[in-house]
Structures are given as C-alpha cells and as structure tokens.
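Comments concern the structure below.
The values are calculated or read from the model by the stated rules, or taken from the named source; none is laboratory data. Because the structure is predicted, anything quoted here is derived from the model rather than measured. In this analysis, Cβ positions are derived from the backbone assuming ideal geometry, glycine residues included, and neighbour counts consider all displayed protein chains. What goes into the accessible areas is simple: the full protein's heavy atoms, side chains included, and nothing from ligands, DNA or RNA. Shrake-Rupley method; radii C 1.70, N 1.55, O 1.52, S 1.80 Å.
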There are 2 protein chains.
Amino acid sequence: MNMPKRVVIIGGVAGGATCATRLRRLDEHAEILILDRGPYVSFANCGLPYYVGDVIQDEQKLLVASPELFRKRFNIEVRTRNEATKLDLAAQEVEVRDLASGQVRRERYDALLLAPGAAPIRPPLPGIDLPGIFTLRTVPDSRQIRQWLETRHARRSVVIGGGFVGLEMAENLGHRGLEVTIIEMAKQLLPPLDPEMAELVRQRLIAHNVGLRLEDGVAGFDAGPDGSLFVCTQKGERIPADVVILSIGVRPEVSLARDAGLVIGPRGGIRVDDQMRTSAPNVWAVGDAVETRNRVTGEWDLLALAGPANRQGRVVADVIAGRTSTFHGVQGTAVCGFFGLTVSMTGSTEKSLKRAGVSDFQSVYLHPGHHVDYYPGAKPIHMKLIFRKSDGRILGVQAIGEEGVERRVDVIAMAIQRQSTVFDLEEAELCYAPQYGAARDPVNVSGMIAANVVRGDLDVVSWSELGLKRDSIMILDVRDPGELQGGRVESAINIPLAQLRERLTELPLDKEIWVTCGVGQRAYYACRLLRQNGFRVRNLSGGYQSYRAWHPLDGTQRG
Amino acid sequence: MNMPKRVVIIGGVAGGATCATRLRRLDEHAEILILDRGPYVSFANCGLPYYVGDVIQDEQKLLVASPELFRKRFNIEVRTRNEATKLDLAAQEVEVRDLASGQVRRERYDALLLAPGAAPIRPPLPGIDLPGIFTLRTVPDSRQIRQWLETRHARRSVVIGGGFVGLEMAENLGHRGLEVTIIEMAKQLLPPLDPEMAELVRQRLIAHNVGLRLEDGVAGFDAGPDGSLFVCTQKGERIPADVVILSIGVRPEVSLARDAGLVIGPRGGIRVDDQMRTSAPNVWAVGDAVETRNRVTGEWDLLALAGPANRQGRVVADVIAGRTSTFHGVQGTAVCGFFGLTVSMTGSTEKSLKRAGVSDFQSVYLHPGHHVDYYPGAKPIHMKLIFRKSDGRILGVQAIGEEGVERRVDVIAMAIQRQSTVFDLEEAELCYAPQYGAARDPVNVSGMIAANVVRGDLDVVSWSELGLKRDSIMILDVRDPGELQGGRVESAINIPLAQLRERLTELPLDKEIWVTCGVGQRAYYACRLLRQNGFRVRNLSGGYQSYRAWHPLDGTQRG
C-alpha cells in the first residue's frame, strides 16, 4: 500500500467540510487535517440571518458538526482558531498560527484545499467603527447582533445593501418587530434581478412599511451626544438607527492565495480549472473564494452560494482520490424569502446577457396562478422567461410570488442544466391536482408563450419599448370595459376581445398595433385573430400586470 | 383562399376544448363545432371531488368556459346535450342526436376529433342501483352527491376503490366531517405505487381514523328495512353506509370508435399514432379514451390525466392546421393530496418495470427533510428513486411527505423527460435558502446515493430481500444505542458508527454484512469504511425508516 496521503484543508465550512468527509469515504487511509481560523467548522452560515431574527432560537442548531464528530465519525482532525498565514508551494507546506497560543507551525501537504470563503465588505467610511454597526458572517457575529438588539432594546434598524442577504436581514429584523430602512446604491433592489422584476420587490417592501432609499449611498455614521447612532447618506439624509447591518456584499478571501502567487481572475476570485485546481501544483480551491464559469454565458462569475461550494468540495475529493470528476460550472440558481414573498431565479437575466454581449434572446412575461384558479387560494407567480430567439434554448428565468415559486424555478433550472428548449417546457409533464398546479402548469405556460415566439406565431414586445415607439403605434386593450376601472394604459383604445371580429374596421392596417389585456393571454388570442386578418400586431408581454412594473401606481419612474 | 375546413370535435372537456381553441388561433377561418352529450363543456373535472368536499363552494367556479364564451371569443360553435351516435367514415359524417329534442342530424367533417373521455366503472353488483350509491364524473354527479349528503345528513361513508380518485374522495368526505371507510381489492392502496411506498399511505389513513379494508371486494349492496344502506364485502362484512362512492376506475369511452371499426389497443383505448391519428383517415383521438406510449418503458398505457389530454389536443390542432407537431408519450406524472400528505410519482415503478420485463434497474430509498433540519418545521420526504444500474439513466421516482414533495418530483419529471442520469441529479443546481431546501437538496441526495451505486462505490440492498437471506448475512446497525429505544431491527448487532474503526474485530470477514442506521446515511459511511477494510458490505437502503414500511409497527405484514 502507498503511504497515506496528507491532505490539508483551509476553511471548514461548506466546501471544505464536504471535501474532507467525501475524501474519507473514498480513502480510509488518507490523513486529513482541517484548519479554520474561526471557533467553529461546518456551521450553517445560511442560517445566521434567521438566528438574528430569532426564527432559529437555539445556537446549537447552527453547528452542524463538531470537531469531535469529525474525529470520531470520520477520523478527520479539525483545528479551529488556527489561521493559515502563508503557503510555501515549493516545500508543499502551510504556515499556521494557533490564535490561542500564538504559536506558529508548518504543516506539510500532499494535497492542499483552499476553502477560505469570502468576507463581508466593510468600507472605510467615517464612523464605521461606532458601536452598533455590524456585518454578519460567523456565529459569533450573529450572537453579538442578538445581544445588541436585546440589551439596547433596539427599535430602528438600517440595512445597508438591498441584495439577497440584505433582504433576508430586513425580513429577520422585521420579524423581531424592528422598523427597517434599506439603503441601496443601485436604482433597484436585488441587483442580480432585472429592474422591472425588482420593482415587484420594491412594492412588497413598501406595503410592509420598510423604508427604502434607492440610488443613495452611505456617506458615514454619526453618534449623537447621547450615544445614539445615525446613518448619513450621500444625498444628505441623517437616519437614526439603533442598529446598522452592513450587507454590501462579500469579497473573496484571496490574500493567502495571492501572496503565494496563485492566479487570481479579473473578478477577484482564485482562478481554477474544471477540476478546481488552482495554478499551483497540488493546490485546489473551492467555494466563495473562487471564480466559476457560468454555464449559460460562459463568463467567469463570483457566486457565494452553498450548493456549488458543496459540489466543488466533492469534485476536489474525487480528484485527490484519483478520480476524474469535473465541475460543470454554475447557473446562478438563487432563492430568497421575505415579507411573504419568494424571489427566485436561475440562469441568465437580460442584464447579464447584455453584459456578456449576447443579443440573440427574447424575454416573455407571465403571471399564472400557482394552482388552478377554481381551487381556493391561488396566488400569482410573476415570471420572466428568457430564451434564445433563434432556436428556443432556455437562458434563464426570474419568478416572484407567494407560493410555488421555487418549484417552477427548480424545474427550469433542471431544464437549463440539460440544455433544453422552450419546446421542452411546453410539453413537460408535471404534477397536477387542483391544489398543486394546473393541467397547464406555469412552466408549461411559459414554454407555450415562448414557443409561439420562436415558431413565429407571435411577436412580443416589452413595455420598456413603448417610450420610443409611442407615436408610431396604436395600443389596443382587449379587456372588458369593467376591468379598466382598476387601471388602464394611457392612450390605449379599448375593444373587448369578444367584439373584435365585428369591429376590425376600427383598426388601422397601416400602423403596428400593440395589443394588451390583463396578463397577455387574451392579447395573444387577439394577435392571432388580427394577424390572420392582415394586421401588423405585437403582444405587449405580460399585459397590464407587467405595465405596472414599469409604471408603478405610486408614480415612481422605472429607469 | 381554400374553402374553410370543417372540424367536428366530440367531447368538449380537456383535450377537445384545447384542440378547438388552439385550432382557432392557428386558423381564423376554420369552421369548428364541439358536440358534447353533457350539459357543460370545458368544466374542471379534476375539481369535482373538492366540490363534493365543499372546499370549492361555488359550482360556477367549475365551469371554465361557457358555450357563449366559445362563440363570442373564439367563434366556435358548441352544442351541449348532443350525443354522437355513429360515425360514417366513408361519407365523413357523424350522426348526432339532440338529447333534448330527440332529433337526429348528420354533421359532415373534414377533420374529426374524438375526445369522449372515460366513464367510471359501475360493476353489475347486486343492489348497485340502490339510492345513495354514486360515481363521480360530471358536474351534475357532484351536485347530486352534495344534495344527498346534505338532505340525508350523511355521517358514514364508504369509498370503493383506493386509487388516486378514491383517496381524493376520502379526503373530501373527511373534510365534510364524515366517517370514511375505504374498500380496496388489492393488497395495497394506490395501486400505481410500489407496495412499500403505499404502506406509508396506509399508515397515514389509519392515523386519521379512516377505516380500511384491503384485499377485500364488494359482493353487493343491501338496504335495511328502514332504507338504510349496507356494503357487503366478499369477506363477509356488512358495513353500514349513508353514502357510497364508487371509485373503482374508469373505462375509455370507445363504443363510437369501435363500432366504426377503428383500431382499439389491448388496454382498451383507441390506438393512435404520435400525431394522435386513429386508424381512420381524418379522424383523431385524444384524452382518457386513447392509449398512449409510455416514454420510459415504451409500453402502451391508459392514463386518465388532464395534462397529457391538453397537450394531445394541441398536437391535433397543429396537425389539422398542417403543422408537424408530435406527441412524445406520457411518463405518468401524478400527484394526490389527502389528510395532510402529498403522494407523487413520475416515470416507472418497480412494479411497472417488472411488468414490462425490465431487469436492469435499481431502487434506492431516502428520507431527507424538505428543508434543512436547523430551520424550524422540516418535514421528511420519503423517496424511492429508480434508475438503470448499467448507466444511471433515471427511470422513475415516488415521493411521499407533507411539504415540498411535488417540487422534487417535478424536477425529476423534467430530468426524465430530458433523458437524464442520476449524475445529473447529483449536480443539479436548485433553489436553496434555509426555509426552501438544502445545499444538498433532496433531489441532489437521491442522485448522490444512486450515483454511488452506479459508480460501484456502494452496494445497496432492499429490506424486501431480507427474508430470503437472513441466515446467511449479518445485520449491523450503526446508530447510537439511545436511538434503538424507538425501535430496532430484530437480530441486528449494534456498533455505533463512531466506534466502528476500533471494533472491526467484532465483525466477520466471511459473511456479507448488511448495514443499517436511521435513514441510510451513516450506514453508507460505515459501508465505505468497512469495504476499505476488506469486509463485504451492503447498505440496507433507507435504513430503519424504510424497514418500518416492510415491518409496520401495527404488525400488518407487507406482501
């Protein structure tokens, strides 16, 4: 038998812990050492906001596996509060400092895995070190925030950053009864989403009395004479806060790798190949610290998500054990819940496609119920499906709603993984009983609409194009007159679908007609009818419901 | 322009109505006539049990589209209470009787679609026509049952047939406060499921005080002197009932087709090709009345489901309009909810594979939480994944639980549709946040276990094989001793996983060791450990939780 391999893993949370335990299953004789500078390994970092929010009440629940369990169950040595300070690639050694004793040792490795994660960004703003300003990355961080909230009887909170983690923090602070204000530099919340989808998020937050400051940044923090805290914005506001959470984003922890001369990619993560090998021999890297290839666009991405980190850890274990596993990239599946809403996405957005220079795509909007309308309690799912116009290949989906959102996104995530087209969505055979869906599931409906476009049966147009074309086209609303009282599109003429065949003479043959209704279905019927009668028609995708994403009732203008 | 086509559609519910409206979108000028012998077209037949159960309270909700709406919106003529009595294929005519006037007419067609559906089986048993014995297929049927329940103040119900519709009826009668007894001739409930999965259903029904009579049939019905009703079983019971629902199954309505000489398949449905053409020129058929090809086994199936019927209707519209759409078969995706439980499946079962003569398959069992354990409220999903052992191709899944069941089945339904393998499930990138799932979603976990089998890293064995081998193997339970108090496997020896490395000498090298734990995960760890130390091991798939499906605590013996 060969000498057992010595494998050193730096960082023992998602990817690192997974690699360690899988490696043990593949190689009972390898010597495996996990080093972590924090006090815990294998903790549930995705649960931290919920621990702050007291949804998870027992801190012990967050500790998935203890060093003792690693030792007894897996024969894996774990050293917490041990920070790797230097890599010696030539000697295949790591310099490690024991944070308790201050002692420095060198650990030899046959294989080294870097799984250091990412650190919350803490910008050097005036007053950033005032008490009451927190970031959230570790169990001790969340414990400190809980203690602060309790001992200070905090009432007013400010969350800086309106991304996924920021909104989870807002949800959890709201759950504890705090007032919440979110400050976001971008024009929209949830910057990974397309702006008109993020608008639905904005509306939900406003309905739940969350204060919003979009397109504003933080200039600094200020303490009142009584020790009270204020957030000063770049637009000049001074917002009182009993607690501030910084959720601006994370930055890959690459200092160790960079100092050792490993290649760092342009997005700031460690560059790896599809077996998660870094540029140095016998050194692998996984998780939030690496750049991964986007499966849809082929671009390099930074993606701080637990699922991919775990899969990467498995791949590394396989490769170290002499197998040929590969990591096939990421597609950016994400989900987030707050104030009763679920927001989810997978694949590319219009934004990310444009950034990648892709122009062969089309978006369609739809608002199907999460189950049949005739069964009580149906909730709309607001969906945007993006696909290649030339061949129908699915590129991405964004979905927002109260029920059944993650299910539809998961189905489309699998479809994208398997390089499917909208025609595959059209004919998918999915679960249906009245309380679970519809004979035409939202996934099917999204595929049908998109397939109509790809087949050339339907021209769709986005409400975003209206501004440019308003004077040269006619807008036709085919809803029944009674429906218009709830809101109508300016300058649209109204002919109910049921009267359309008799009233064709009222429509122009020399002008493009853009047709709308409530959600787009009747407009589709109208488009087919009109086109076969010689009219030039396009369907305003998503109907009046989508119109309201570009023209909110509170008068805010979308960018 | 050509003369407009005349299209006659017999049956205006799922497939028929869908074909009609899609055809209108494709061809504004076709003449479209729907004939239905019932009083309604396009009603929500899947909703009928819930109308009986008063979950849906307004009958109008079930009527998706009226003849008037068909006429005004789609320029489609609908004649209800018009029964097609004869096909004249040579003349391309249908003989139609107006049930109100008794008048008989002939309708010429260029294209004819048969969408007559299926009729509930009503066996010619003694007393079958006594008042209070119902089948459920139409809106009037459900109205009659509701009236009977209300006017008779029914308290005790008997449902005959424990299939999907029978259980939906049990759920709905239970929802109205009635006592429910189910009589099922088979050894198990939900005959499409494998028996050990159906056992979980049995346990749930018993926990909700549903009376069960398995392996018993109905001999007849009896009226007491006061008009009270009794169900007499073949085993000799006489069960009092205020209402009886027959849910034995449905039979395709093929008399019209058969009388005209159309080919009927061996399962009793109309035989069609993949464009839904019958054996007669210009005659198509869709829905519950046809046999469709199973995508997984290639066998012909009868499947009374709305989703496939709708898709078939679309295909027929396309083909009549001169397009080349094809129907790619069915995979049998189904879902059913009762007493807080969701039961769902897609693809093949072990049963159906054996019936089709397939032997290259393996099943694995798992019981993951529907979301991470550390977030409150996680509920187990009991899953059985079936795949080809030779190459990992996914063949089917069955899943049962309280939350998130249909979502996982839908993802695997898409995977099967796209001819995926368990390796694709392993690396699927699905929605994860603590309240929505896990970094290793149940779908991933099912793929990982199966991939271990296909790669040869793990031998699994089913508890069903225990009986044959008991004397020649050793059973090793690696749970902690405290866990055994909740129940243990007879004759298993117990060595906790954490002690296994030190206690290897207690295990035999000359005997196969079958390893178990709670759900199978620790047993997998143990198997890897033991195998690398030279032992012959197999993982008892699903652990103690699956053991209980074969050895129920109430002592019932599984077949």
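Structural remarks
- Leading residue by the ranking (nearest to the chain's Cα centre (by Cα)) among those in the stretch B:268-295 that are open to solvent by 40 Å² or more (accessible area, probe 1.4 Å) and within 14 Å of chain A (Cβ to nearest Cβ): B:Asp288
- Among the residues here, B:Ala498 qualifies as surrounded by fewer than 22 Cβ atoms within 10 Å (Cβ to Cβ), in a helix (DSSP H, G or I) and small (Gly, Ala, Ser).
- Among the residues making up the stretch B:510-536, those that are under 11 Å from B:Ile475 (Cβ atoms) and not in a loop (DSSP other than H, G, I, E, B) are B:Glu512, B:Ile513, B:Trp514, B:Val515, B:Thr516, B:Ala523.
- Scanning the stretch A:34-48 for residues that are open to solvent by 10 Å² or more (accessible area, probe 1.4 Å) and either under 15 Å from A:Asn310 (Cβ atoms) or of a type in the set (Gly, Ala, Ser) (or both) returns A:Gly38, A:Ser42, A:Phe43, A:Asn45, A:Cys46.
- Condition met for B:Arg81 (at pLDDT 95 or above, closer than 20 Å to B:Gly15 by Cα and open to solvent by 50 Å² or more (accessible area, probe 1.4 Å)): yes
Table: residues versus (1) outside any helix (DSSP H, G or I); (2) open to solvent by 70 Å² or more (accessible area, probe 1.4 Å); (3) without any contact (Cβ under 8 Å) to a residue 60 or more places away in the chain.
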{"position": "A:Lys469", "(1), (2), (3)": "no, yes, yes"}
{"position": "A:Leu484", "(1), (2), (3)": "no, no, yes"}
{"position": "A:Ser491", "(1), (2), (3)": "yes, yes, yes"}
{"position": "A:Arg503", "(1), (2), (3)": "no, no, yes"}
{"position": "A:Tyr547", "(1), (2), (3)": "no, no, no"}
{"position": "A:Asp554", "(1), (2), (3)": "yes, yes, no"}
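- Of everything in the stretch B:177-196 that is open to solvent by 30 Å² or more (accessible area, probe 1.4 Å) and closer than 18 Å to B:Gly249 by Cα, the residue that is nearest to the chain's Cα centre (by Cα) is B:Pro192.
- Cβ separations smaller than 9 Å between residues 6+ apart or across chains give the following pairs from the stretch B:69-85 residues that are facing chain A (nearest Cβ under 8 Å) to residues that are open to solvent by 50 Å² or more (accessible area, probe 1.4 Å) and not charged (D, E, K, R): B:Lys72/A:Gln499.
- Every condition in (1) crowded, with 17+ Cβ neighbours inside 10 Å; (2) over 26 Å from B:Asp222 (Cβ atoms); (3) over 19 Å from the mean Cα position of the chain (by Cα); (4) among the small types (Gly, Ala, Ser) is met by B:Gly174 except one, and the failing one is (2).
- Some residue of the stretch A:288-302 being part of a helix (DSSP H, G or I), in contact with an Asp or Glu (Cβ under 6 Å, 6 or more places away or on another chain) and more than 19 Å from B:Asp441 (Cα to Cα): yes
- Of the residues in the stretch A:11-33, at least one is within 14 Å of chain B (Cβ to nearest Cβ), closer than 30 Å to A:Val243 by Cα and surrounded by 23 or more Cβ atoms within 10 Å (Cβ to Cβ).
- Considering B:Asp424, B:Asp457, the condition of being outside any helix (DSSP H, G or I), at the interface with another protein chain (Cβ under 9 Å from one of its Cβ atoms) and surrounded by fewer than 24 Cβ atoms within 10 Å (Cβ to Cβ) is satisfied by B:Asp457 alone.
- The residues of the stretch A:296-309 that are in contact with a helix residue (DSSP H, G or I) (Cβ under 7 Å, 6 or more places away or on another chain) and either within 12 Å of another protein chain (Cβ to nearest Cβ) or small (Gly, Ala, Ser) (or both), listed by number, are A:Val296, A:Ala304, A:Ala306, A:Ala309.
- Flag for B:Met474 being in contact with a helix residue (DSSP H, G or I) (Cβ under 6 Å, 6 or more places away or on another chain) and aliphatic (A, V, I, L, M): no
- Strands (runs of 3 or more DSSP E) lying entirely in the stretch A:179-238 (those with 3 or more residues that are among the hydrophobic types (A, V, I, L, M, F, W, C) and in contact (Cβ under 8 Å) with a residue 12 or more places away in the chain): A:179-184, A:218-223, A:229-233
- Which listed residue, of B:Ser446, B:Ser462, is touching a residue at least 12 places away in the same chain (Cβ under 8 Å) and open to solvent by less than 10 Å² (accessible area, probe 1.4 Å): B:Ser446
- B:Gln521 vs. criteria open to solvent by 60 Å² or more (accessible area, probe 1.4 Å) and within 14 Å of chain A (Cβ to nearest Cβ): yes
- Sole exception among (1) within 8 Å of another protein chain (Cβ to nearest Cβ); (2) outside any helix (DSSP H, G or I) for B:Ala399, by number: (1)
- Out of A:Gly313, A:Gly287, A:Gly340, one residue alone is small (Gly, Ala, Ser), within 28 Å of A:Asp216 (Cβ to Cβ) and modelled with pLDDT of 95 or more. It is A:Gly340.
- Residues that are in contact with a helix residue (DSSP H, G or I) (Cβ under 8 Å, 6 or more places away or on another chain) and either more than 11 Å from every other protein chain (Cβ to nearest Cβ) or in a helix (DSSP H, G or I) (or both) within the stretch B:312-323 comprise B:Gln312, B:Gly313, B:Arg314, B:Val316, B:Ala317, B:Asp318, B:Ile320, listed in sequence order.
- Candidate set from the stretch B:84-99 (those that are outside any strand (DSSP E or B) and either within 37 Å of the chain's Cα centre (by Cα) or not small (Gly, Ala, Ser) (or both)); member that is farthest from B:Glu31 (Cα to Cα): B:Leu99
Yes/no per residue for (1) hydroxyl-bearing (Ser, Thr, Tyr); (2) in contact with a Phe, Trp or Tyr (Cβ under 8 Å, 6 or more places away or on another chain):
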site: A:Arg323; (1), (2): no, no
site: A:His328; (1), (2): no, no
site: A:Phe339; (1), (2): no, no
site: A:Thr342; (1), (2): yes, yes
site: A:Thr346; (1), (2): yes, no
site: A:Lys351; (1), (2): no, no
site: A:Arg355; (1), (2): no, no
site: A:Gln362; (1), (2): no, yes
site: A:Val372; (1), (2): no, no
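- The condition (being open to solvent by less than 10 Å² (accessible area, probe 1.4 Å) and either modelled with pLDDT of 95 or more or among the basic types (Lys, Arg) (or both)) is satisfied by just one residue among A:Ser348, A:Ser359: A:Ser348.
- Of the candidates A:Gln398, A:Gln419, the single residue that is among the polar types (S, T, N, Q) and either closer than 24 Å to A:Pro376 by Cβ or open to solvent by less than 10 Å² (accessible area, probe 1.4 Å) (or both) is A:Gln398.
- Selected residue (only one of A:Asp222, A:Asp226, A:Asp301 is closer than 17 Å to A:Gly15 by Cβ and open to solvent by 10 Å² or more (accessible area, probe 1.4 Å)): A:Asp301
- Within the stretch B:34-56, the set of residues being assigned to a loop (DSSP other than H, G, I, E, B), more than 9 Å from chain A (Cβ to nearest Cβ) and not charged (D, E, K, R) comprises B:Gly38, B:Pro39, B:Tyr40, B:Val41, B:Ser42, B:Gly53.
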